[in-house]
Ligand code: C2E
Ligand code: MG
Ligand code: MG
């Protein structure tokens with residue numbers, strides 16, 4: 001699509017050496033004449049050949065090239081099978097953010113390097129980054145931030161989401177967008193989740209000792225966690241160590257993760273839910289989840305992605321879409337939360353839509369976890385809706 005292509009080009013041309021093709025035949029010609037390339041990004045729909053077919057062909061001709069696909073919603077089954085058999089490395093949903101695009105490209109390049117060096121250590125930069133992150137994990141450079149979540153009917157704070165930060169000795173406070181891909185590529189995802197789970201349970205313990213009204217804290221988990229047979233034990237460990245009931249913990253699973261292997265996700269989530277731990281679907285609406293799909297997963301909450309909130313105050317269609325999402329979610333007895341509320345106008349519309357909970361800068365920006373009790377105390381009593 002010309003618009004997507006132009007936007008990608010603007011974002012990436014300063015950082016990477018790019019070639020551009022406007023169709024499958026042209027792309028294959030480029031691969032033959034100027035390849036091999038490190039990474040190929042393809043749109044799903046094109047005249048002639050679809051994106052998956054193109055990437056399969058490139059895989060055949062140039063196996064060392066890492067292949068990414070930008071996909072529209074309708075072609076999901078194809079993309080999943082291509083990911084499962086290795087023809088496609090990652091899919092990016094449209095519209096994708098610059099940050100996610102860059103993160104994915106960096107990850108793809110890292111994998112390309114690994115592949116080409118046959119088990120040799122990754123390049124000096126990446127090796128340095130990985131070593132620094134390892135140090136961060138073990139030397140206490142990670143920080144737990146939390147962002148409150150409020151009920152729309154009563155205005156009460158129901159809990160918060162745990163968001164990890166890296167207090168880097170030279171670069172200052174880093175957001176997860178700067179290091180999650182490195183963690184994943186370096187096999188540090190599980191260690192990172194374990195750190196966050198432990199820090200989150202420690203906070204929950206402290207909040208209970210302070211007699212805060214019962215709060216739930218949500219922790220983001222990854223695809224690697226879901227694939228780990230020991231995952232349930234890794235969650236129950238910190239709960240037990242800090243003496244926190246399972247009901248106080250919630251796990252957030254981003255929509256795309258559960259989608260890739262629904263059966264596996266359903267099985268793991270069921271065992272988690274049986275232990276009384278809540279599960280919510282994060283970033284809902286950015287991937288391919290359907291309501292039918294949701295029915296098969298034991299989840300209790302839907303977090304509606306910021307994308308659907310952004311123009312809610314100006315665009316009646318956006319508002320009506322949110323209302324229909326609410327109806328469907330409530331039919332499935334799911335609690336709904338709108339992410340990324342930044343303005344009073346957005347808050348009004350979200351409130352009218354029947355949504356249950358909100359989270360966003362308007363209510364509070366993410367704060368160091370130990371400030372949360374003070375923030376809660378200073379907060380004015382909620383105004384009735
Ligand atoms: P997420 O789970 O969807 O978290 C919400 C993100 O939106 C957070 O970014 C938060 O700071 C930001 N946000 C909240 N309210 C607003 C708002 O009103 N406007 C805008 N523009 N943004 C808002 P953050 O902390 O940078 O985290 C980004 C993503 O990184 C998270 O998205 C989550 O997927 C991942 N992440 C964060 N912490 C962890 C963690 O401990 N473990 C793992 N595996 N992933 C994490
Ligand atoms: Mg989240
Ligand atoms: Mg989210």
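Data for the structure
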{"quantity": "Stokes-Einstein diffusion coefficient of the stretch 129-208, Kirkwood radius over Cα pairs, 10 °C, 1.306 mPa s, in µm²/s", "calculated": "115"}
{"quantity": "Peptide ranges 178-186, 238-246 listed from the most packed, as the mean C-beta count within 10 angstrom indicates", "calculated": "178-186, 238-246"}
{"quantity": "Tail fraction, Cα-Cα pairs, the chain, threshold 29 Å, whole percent", "calculated": "48"}
{"quantity": "Inter-probe distance in nm under a simple model that places probes 7 Å from Cα toward Cβ, at residue 156 and residue 348", "calculated": "2.8"}
{"quantity": "Ranked by how many other beta carbons lie within 10 Å on average, peptides 33-40, 201-208 from highest", "calculated": "201-208, 33-40"}
{"quantity": "Virtual spin-label span in nm between residue 30 and residue 362, 7 Å along Cα→Cβ", "calculated": "4.2"}
{"quantity": "Stretch gain in nm, segment residue 310-residue 138, where the contour uses 0.36 nm per residue and the Cα spacing is subtracted", "calculated": "58.1 nm"}
{"quantity": "Among 265, 200, 27: highest mean-square fluctuation, GNM of the chain, C-alpha pairs under 10 Å", "calculated": "27"}
{"quantity": "Cα gyration tensor of the stretch 211-333 - equivalent ellipsoid semi-axes, whole Å, descending", "calculated": "28, 18, 12"}
{"quantity": "Helix-only CD estimate at 222 nm, as mean residue ellipticity for the chain, using -39500 (n - 2.57) per DSSP H run (n ≥ 4)", "calculated": "-14000 deg cm²/dmol"}
{"quantity": "FRET efficiency, residue 60 to residue 300 (Cβ-Cβ, R0 35 Å, nearest 0.05)", "calculated": "0.20"}
{"quantity": "For the stretch 141-182 versus the stretch 9-29, the gap between their alpha-carbon centres in whole angstrom", "calculated": "35"}
{"quantity": "Inter-site label distance for residue 232 and residue 45 at 7 Å from Cα along Cβ, in nm", "calculated": "4.3"}
{"quantity": "Antiparallel DSSP beta bridges within the chain, as percent of all bridges there, nearest 5", "calculated": "35"}
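Read-outs throughout are calculated quantities, based only on the coordinates presented, and are distinct from any laboratory measurement. All values reported here derive from a predicted model rather than from experimental measurement. Every residue, glycine among them, receives a Cβ derived from its backbone with ideal geometry; neighbour counts consider all protein chains shown.
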